[in-house]
1. What does the net charge come to around B:TYR341 if you take all other residues with beta carbon closer than 10 Å to its beta carbon, with K and R at +1 and D and E at -1?
2. When the Karplus curve 6.51 cos²θ - 1.76 cosθ + 1.60 is applied with θ = phi - 60°, which whole-Hz ³J(HN,Hα) does each residue of the stretch B:395-403 get, with x for Gly and Pro?
3. What is the gain in length, in nm to one decimal, between B:GLN242 and B:VAL44 on full extension, counting 0.36 nm per residue of separation less the C-alpha to C-alpha distance?
4. Using per-residue counts of other Cβ atoms within 10 Å, averaged over each peptide, order B:257-267, A:170-180, B:343-353 from highest down.
5. Using a/c under 1.5 as the rounded threshold, could you call the stretch A:9-129 rounded, prolate or oblate? The axes a ≥ b ≥ c are square roots of the C-alpha gyration tensor eigenvalues, and prolate needs a/b larger than b/c, oblate otherwise.
6. Taking amide H positions as placed 1.01 Å from N in the peptide plane, with prolines and chain starts having none, which residues 5 or more places from B:ARG11, or on another chain, fall under 5 Å of its amide H?
7. How many angstrom lie between the Cα centre of the stretch B:326-344 and the Cα centre of the stretch B:230-293?
8. Using only atoms on other chains, find how many Cβ atoms lie within 10 Å of each Cβ of peptide B:334-341 and report the average.
Amino acid sequence: MSTTDSGVVDVVLVDDHLMFRAGVRASLDATIRVLGEADDVDAAIAMVRGLRPPVVVLDVHLPGGSGGGGAEVITGCTDLLAQVRFLALSVSDAAEDVVAVIRAGARGYVTKAISGPDLSDAVRRVAGGDAVFSPRLAGFVLDAFGTAAGDVATGDHELDRLSAREREVMRLIARGYSYREVASELFISIKTVESHVSAVLRKLQLSSRHELTRWAAARRLL
Amino acid sequence: MTSVGLLPLRRPPRGRVLGGVAAGLAAHLDLPIGLVRLVLVLLVPLGGSGLALYVWFWVTVPAGDPTALAAQRPAALSRIAPHLRQPGRRIPLTDIGLGLLLLLGAGLLVAARQGVDLTYSWALPALLGLGGTALAWSQLDTMQRDRMLARAGGRTPVSVVRLLGGTVLTGLGIFLLVGRDEPMDDLLRSAVAAIAVLAGAALVLAPWWLRLVRELGDERAARAREAERADIAAHLHDSVLQTLALIRARASQPEDVARLARAQERELRAWLYDDRPTPGTSLAAELGIVVAEIEDARGAAIETVVVGDRVPDAATESLLQATREALVNAVVHGLAPVSLYLEVGPDLVEVFVRDHGEGFCLDDVPADRFGVRESIIGRVVRRGGTASVQCKPGRGTEVHLTLPVTAG
C-alpha cells in the first residue's frame, strides 16, 4: 500500500533551499504529511532508505554526491523503486534535466510554478502508481518521439514510438488539459488516460529510440 | 565580383588533383582553375618557386569547403538536429601515390646496397627523408579535422600512423645518407645504438612532456572557465541585479513587482537554458517574444509548450499575429490558466490557445466584433489555414488555428 489507511500520503521533501521547502510544505493540503526534509544528495539517499516514504518530492538540482543532482538520488535508491516513487519538481525547463530524472526512474515531472492543490494532486497520483506529466513534459515527449506520421515509420520497436492514442493524450496534456478533461474529450475513462500516460512514461524511460538520441544530441545532452 | 565578398581560402575536398591548392586559390580569387594551375606550372622553372608556393599553401591552408563556410547553416535550426552529411568518399589517390613513390625509393635503395651501383645513391636517402618529412608535416593539414573529431568523441589513429611513418622514413633516410659508405654490419649496430639512445631519452623526457601537456590542458580549461564566469557575472549584473534594485524600489506595488519578477525570470531562463538562435530563423523564438509581450503588458502567465520549429515566413507571421490576438482575447476575457501549444509538423503548423473562462461561441459573436472574426480567423484563412473556436460549459474555451506549410 502506498497510502496509509486514513488516506494520508507521506512524503519526503528534497530541495536545497530552506525557503522553498517551507513553501512547498505550506502549500500541500491536509492529506499529505511531510515526514522529513533533506537538502543534499547524500542526506536524501540516507533519509529515503531510512524512512521508505511512498513518495519523494525531489528537486532536480541538488548539491552533494558526485554532482548528479536529483537523478543521482534516484539511481542511489533504484532497489527501492517498487515502494518509493519519485516526483521531480524543478525550476528548470531544460530538456537535459527532465530527461535525466525521468530516465533515472522518476514517475513524474512538474515545474515549481505549480499551484499547491495541483502539487498535492500530483503527489497523490504518483503515490497511486500513476505518472504525472506537466504540459511541458508532454511537449518534450512529442518533440522527442516525433509528432508527424513521417516519424512513426522509422522504428519498428514497440518502445520506439507512440501509439496514435498515446500521441493524442500527450497532445491534449500539452494543450493544458487535465486528465479528467482529456478523458471526456476522448470519451475514455480517467483510468485509461492514466494507463496511456504510464505507457508513455515507460517508453520514455526505456526507449533507445534513435530519434530520442538525435533529439538529445541536438540539445547537447550526450 | 561586385558586392559578393571573397570566399575564404580553403582547400576544397572536391575538384582537387593533388592537394586542392589550385582549386582553393581559384575559388578564393574567383579565377578559372585552369589559369591558376597554368600560372603555378609556369612558375616552376623559375627556381622551383611554383612548387615551393604549392607546398607552402598545401601545408598552411586548412582543408575545407569554402562555399559551405561562406553559407553557414542559417539555422536556429540549432534547435533541430542537423542532417547527417555524408562526406564524399574518395579514394586517397595522392596518399597511395606518395606511398608507392616512397616504396619505390626504398626498393631502389635496398637494391643499391645489395650491389647494384647507383651513382646517385645520395639522392635516394635524401628523397626518402624528404618524403618522411612531408608525411609528418601533412599532419598540420589534418590537424583541424582531427581536433573536431576528438571533440565529437572519436579519435583517429591516422595522425599517429602518419607521425610514426614519417619519423621512421626520415630516420631511415638520414641514416642511409650519413652512413652510405659504411658496411652493413656497422650500420645495423649503430642503428641499434641510436634507437637505444632515443628510447632512453624518451623514457627520461616522457614525464616532463606529459606534465607539459596536462598543464596546457588545465590552463586552457581554466581560461575557458574564467571567461564563462566573467560572462555570467556581466549578465547577472546587467539584468538580475538591476531588476532586484527595481523590485526593492517598488516593494509597495505588488503588481509591478510581480511583473518585474516574471520578466526577469523569463529572461534568465532563456539565457540559461535555451539555445540562442539567430533572429529571424526560429518560429519558436518569435512566439516566445509574442508571449513575453503579452505577459508583460497584461500581467498574466501563459503556459507555453512548443513542439518542433521552423524558419518563419510570411504565412507563419500571419499565424503569429492571429495567435497574439487569441492570447490577448484569452487573457482579457477568459480565466487563468491560459495555455498555448504550438506544434510544427512537416506540412502543418497548429496553434491551440486555451483558457478556462466561460468562452464565446462564434455564432454568438456579433458580426461587428472585428476582433475575433477579422484579426484571428481572417488572418489565418487568407493564408489557406483554418480557425475554429471550441467552447464547452465548464471546460473553458479553446481557439485552434492551423496553417498548411511547405516542408522546409
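A short reminder: the numbers here are calculations on the coordinates, not readings from a lab. These numbers come from a predicted model, not from an experiment. Note: ideal-geometry Cβ built from the backbone for every residue, glycine included; neighbour counts use all protein chains shown.
1. Numbers: positive: A:ARG171, A:ARG175, B:ARG354; negative: B:GLU303, B:GLU343, B:GLU350, B:GLU398.
Local charge sum for B:TYR341: -1.
2. Values per residue, Gly and Pro as x: 10, x, 10, 9, 9, 10, 10, 10, 9 Hz.
3. On the way: separation 198, 0.36 × 198 = 71.28 nm, distance 6.62 nm.
Length difference between fully extended and current span is 64.7 nm.
4. Working: B:257-267: 15.7, A:170-180: 22.9, B:343-353: 20.5.
Packing proxy ranking, top to bottom: A:170-180, B:343-353, B:257-267.
5. Working: a/c = 1.30, a/b = 1.17, b/c = 1.11.
Verdict is rounded for the stretch A:9-129.
6. The answer is B:ALA63, B:GLY64.
7. Spelled out, the Cα-based centre of one part sits 21 Å from the other.
8. Working: counts 0, 0, 0, 5, 1, 5, 4, 11.
That works out to 3 on average.
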